[in-house]
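Coordinate-derived values only; no laboratory data. All values derive from a computational prediction rather than experimental measurement. Cβ sites come from the backbone with ideal geometry, for glycine too, and all protein chains shown count toward neighbours.
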Amino acid sequence: MKTTTRNILFLLTVFALLLSACKANVSRNGDGSLDVETSITQQELQEVISSSIADPLIQNLTVSLQSGYILASGTRQRLNDSSNTDTLSFRLDLEASNGELVATISDAQLDGKPIEQNRVENWNQTITNRIALIGQKNPNSTLKSVTITSSEVIMIWNVAR
């Protein structure tokens, strides 16, 4: 029970820090709704992706923002031989679909071999949920667009009155 409480408190603290670090710009639309632009830095994104993967054997996970997509790479210790590591890599695309964020990992490999699809789907959902928590400041908002630059991820949210 103590471990569960401690884990929940840790996650809440991480989310609070990430939320406070996120920048936002606000503009009013003609219909009275607001467009809120939030940005997430490479470091914030790296922390979100690392915590989303949640594999203690994965180390040195780095995120590289490219124009339009994200590259992630790291090393994973072998389960029965911690002196050997395998290389982990994948591409991450973010998009707005029906007002919500969708994260899609592709080309996920561990030492050149494809990673199991069920694991990738789990990572997709967890990354989607955690990035949306950072960017979405209002529960009445819908995601209009996502732009990935070499320095940040920019999300435009529409907030209805």
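Scanning the range 51-70 for residues that are more than 17 Å from Asp86 (Cβ to Cβ) and part of a helix (DSSP H, G or I) returns Ser51, Ser52.
Collect the residues in the range 96-139 that are over 22 Å from Ile154 (Cβ atoms) and β-branched (Val, Ile, Thr), keeping them in residue-number order. Once the filter is applied, which keeps residues that are over 22 Å from Ile154 (Cβ atoms) and β-branched (Val, Ile, Thr), the range 96-139 yields Ile115, Val120.
Only residues that are over 22 Å from Ser67 (Cβ atoms) and outside any strand (DSSP E or B) were counted across the range 133-151, and they come to 6.
Residues being touching a residue at least 24 places away in the same chain (Cβ under 8 Å), of a type in the set (D, E, K, R) and not in a helix (DSSP H, G or I): count how many of those fall in the range 92-132. Going through the range 92-132 one residue at a time, the tally reaches 4. Give just the number: which of (1) under 14 Å from Val153 (Cβ atoms); (2) of a type in the set (Gly, Ala, Ser); (3) touching a Lys or Arg at 6+ places or on another chain (Cβ under 6 Å); (4) free of Cβ contacts under 8 Å to residues at least 24 places away in the same chain does Ser39 not satisfy? If we test Ser39 against (1) under 14 Å from Val153 (Cβ atoms); (2) of a type in the set (Gly, Ala, Ser); (3) touching a Lys or Arg at 6+ places or on another chain (Cβ under 6 Å); (4) free of Cβ contacts under 8 Å to residues at least 24 places away in the same chain, just (4) comes out false.
Take Ser141 and decide whether it is surrounded by 16 or more Cβ atoms within 10 Å (Cβ to Cβ), hydroxyl-bearing (Ser, Thr, Tyr) and in contact (Cβ under 8 Å) with a residue 60 or more places away in the chain.
Working: surrounded by 16 or more Cβ atoms within 10 Å (Cβ to Cβ): yes; hydroxyl-bearing (Ser, Thr, Tyr): yes; in contact (Cβ under 8 Å) with a residue 60 or more places away in the chain: yes.
Considered against the rule, which asks whether it is surrounded by 16 or more Cβ atoms within 10 Å (Cβ to Cβ), hydroxyl-bearing (Ser, Thr, Tyr) and in contact (Cβ under 8 Å) with a residue 60 or more places away in the chain, Ser141 comes out as yes.
Against the test of being under 15 Å from Gly99 (Cβ atoms) and of a type outside the set (Phe, Trp, Tyr), the options Leu143, Leu133 yield a single qualifying residue, Leu143.
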